[in-house]
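Here the structure is laid out as structure tokens; the discussion comes afterwards.
The values are calculated or read from the model by the stated rules, or taken from the named source; none is laboratory data. Predicted model, so just to flag it, every value in this text is computed and none were measured. Here Cβ is always computed from backbone atoms with ideal geometry, including for glycine, and neighbour counts include all displayed protein chains.
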Amino acid sequence: MEFRVLGTVEVAGADGPRPLHGRKELAVLAYLLANAGRSVPADELVWAVWGEDAPPSAHKSLQVRLSRLRADLGGGAARIARDGAGYRLAVEPGELDAQRFERLVGEAAALAPAEAAEAYGRALALVRGRPYADVADLDALQSEIRRLEELRLAAVEGRLRALVELGRHGDALPELDRAVDAEPLHEGLAALQLLALYRAGRQADALAAYRALVRRLDDVGLEPSAELRELERRVLVQDPRRAPRRPPTSVSG
């Protein structure tokens, strides 16, 4: 079984995709997946799916949705088990894409640049869109959606940092341009863009990118960090510690 939440919520078995009954079943499953491994009290599930103004019939309706979900997923009560006053979704290691993603990102952070770039790439390949995209309007999922989006952004930054450290500026810069467009106030990405441009021999473009960031920050009443200002100074004076680097040359035997 595979559960996917890094995009729309999907379930797949050995025989292919498993369609779910409807919107409420999808919402129940999504909240159980966001709390995989934890017993979720029935009252909490009702609040998550029906909100603060849940009708009196919500608890009875929850039982119906859980019964349908068990049928959709297979495995019956072994897959969604009653656990005291709540319910626990059984998720085996490797079944949930968000857990695999988090593990890959954690492993990549400890690797040397070449291996890190590859590991971050494998992690990002799991991302199909906004987490829980088809139930992203549920208030109960907002903190988990933000956590996964921040983790994705950390993976993007980690991969691009590894590419810059490897001297692969031609690969990094188009992705950095897109990343900075998507996150215009993110100083980590802006610093990598500035550094990659400079190391690619484009000092004027690097300084222009810095000025553009300063304007964006100023528009929202912010200033660049001391670290970013120091990087701009080093680029301005052509500090040899930030000198352009050539990509590694491959040697054929």
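Can you name the residue in region 3-50 that is among the polar types (S, T, N, Q) and free of Cβ contacts under 8 Å to residues at least 60 places away in the same chain and is also surrounded by the most Cβ atoms within 10 Å (Cβ to Cβ) among such residues?
Per the criteria, the residue is ASN35.
If you take the residues of region 53-88 that are over 19 Å from LEU138 (Cβ atoms) and among the polar types (S, T, N, Q), which of them is surrounded by the most Cβ atoms within 10 Å (Cβ to Cβ)?
SER67
So which residues in region 208-223 are in a helix (DSSP H, G or I) and free of Cβ contacts under 8 Å to residues at least 12 places away in the same chain, if there are any at all?
Matches in region 208-223: ALA208, ARG211, ALA212, VAL214, ARG215, ASP218, ASP219.
When the residues of region 118-142 are filtered to those that are farther than 30 Å from VAL49 by Cα and within 16 Å of the chain's Cα centre (by Cα), which remaining residue is surrounded by the most Cβ atoms within 10 Å (Cβ to Cβ)?
TYR120
Kindly indicate the residue of region 89-100 that is touching a Phe, Trp or Tyr at 6+ places or on another chain (Cβ under 9 Å) and outside any helix (DSSP H, G or I) and also surrounded by the most Cβ atoms within 10 Å (Cβ to Cβ) among those meeting that condition.
LEU89
On the basis of being more than 15 Å from VAL28 (Cα to Cα) and at pLDDT 95 or above, does GLU52 make the cut?
no
Assess whether ASP205 counts as being assigned to a helix (DSSP H, G or I), modelled with pLDDT of 95 or more, more than 30 Å from VAL5 (Cβ to Cβ) and among the acidic types (Asp, Glu).
Judged against the criteria, ASP205 is a match.
Please find, within region 191-211, the residue that is nearest to ARG229 (Cα to Cα) out of those that are among the hydrophobic types (A, V, I, L, M, F, W, C) and exposed (fewer than 15 other Cβ atoms within 10 Å of the Cβ).
Checking each candidate, the answer is ALA208.
Any chance region 175-184 includes a residue that's touching a residue at least 24 places away in the same chain (Cβ under 8 Å) and basic (Lys, Arg)?
No, the conditions are met nowhere in region 175-184.
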